[in-house]
Each structure stands twice: as structure tokens, then as C-alpha cells.
Amino acid sequence: GLCAGEAPSVSYRELKDLKKANVLHIDVRERWEIERVGKIPASINIPLGELVEALQMDPTEFKEQYNQKMPSKADPVVFSCLAGTRSKQALGFATSLGFS
């Protein structure tokens with residue numbers, strides 16, 4: 001269940017192509033899920049419960065916390081989770097904060 005702006009669903013193959021175009025991939029699963037199931041390469045893990053706060057952080061603080069450059073509101077971002085429910089919520093949160 002991957003969610004990307006206009007297209008509500010993206011396959012893993014499409015995600016791999018998007019990553020080549022420098023799209024930021026945020027995995028909103030819980031840390032224990034990542035530890036148990038595994039991390040998607042080149043993704044950044046921000047559990048859904050932390051996302052709203054993370055997207056409002058100072059860019060320096062975001063970099064320190066997540067070891068990744070903070071996305072700007074215009075940067076392309078893809079959210080993923082296990083089944084798609086949390087990634088849709090994440091998309092709603094990001095949109096409400098002004099991300100396009």
C-alpha cells in the first residue's frame with residue numbers, strides 16, 4: 001500500500017523508478033514493524049504518530065533526528081505502510097500542512 005499525491009496507489013516497481021527521480025520515500029510503519037519485517041531500501045522511517053511533528057520541525061532538527069534532508073513543501077514525497085491505511089492518513093496530514 002503505497003500512496004503518492006495524485007495517484008493513490010503506486011506499485012513497488014513504480015516506487016523504485018520514482019526513487020531514481022529523487023522522490024523522498026517516508027515509511028510510516030512503527031519502528032518494531034521495520035525491525036520485524038525489514039526496511040525498504042532508501043526509505044526514511046517516521047512512524048505515523050510522529051509525522052505531523054516531524055513535518056513541522058526545524059530542518060536542522062529534522063536532519064539530526066532522521067538523518068535525512070527535510071523535504072520542502074514542494075518536494076515529491078511518497079508514503080508507505082503495510083496495508084495502505086496509514087499512508088493515506090499520512091498523505092492527509094502532509095496535505096493539511098501545505099505539502100503539495
Could you list, in sequence order, all residues of segment 1-32 that are modelled with pLDDT of 70 or more, open to solvent by 80 Å² or more (accessible area, probe 1.4 Å) and part of a loop (DSSP other than H, G, I, E, B)?
-> Ser9, Asn22
Restricting attention to segment 66-100, the residues that are over 18 Å from Leu48 (Cβ atoms) and not polar (S, T, N, Q) number exactly 6
Among residues belonging to segment 55-97 that are part of a loop (DSSP other than H, G, I, E, B) and of a type in the set (Gly, Ala, Ser), point out the one that is nearest to Gly38 (Cα to Cα).
-> Ala83
Quick count over segment 33-52, residues being under 13 Å from the mean Cα position of the chain (by Cα) and not in a loop (DSSP other than H, G, I, E, B), is 7
For Leu51, which of the numbered conditions (1) within 21 Å of Ser11 (Cα to Cα); (2) of a type outside the set (Gly, Ala, Ser); (3) touching a residue at least 40 places away in the same chain (Cβ under 8 Å); (4) buried (at least 19 other Cβ atoms within 10 Å of the Cβ) fails to hold?
-> (1)
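The values are calculated or read from the model by the stated rules, or taken from the named source; none is laboratory data. This structure is a prediction, so every number in the text was calculated from the model and none was measured. Counting neighbours? That spans all protein chains shown, and the Cβs are built from the backbone with ideal geometry, glycine included. Protein only, heavy atoms only, side chains kept; ligands, DNA and RNA dropped before computing areas. Shrake-Rupley method; radii C 1.70, N 1.55, O 1.52, S 1.80 Å.
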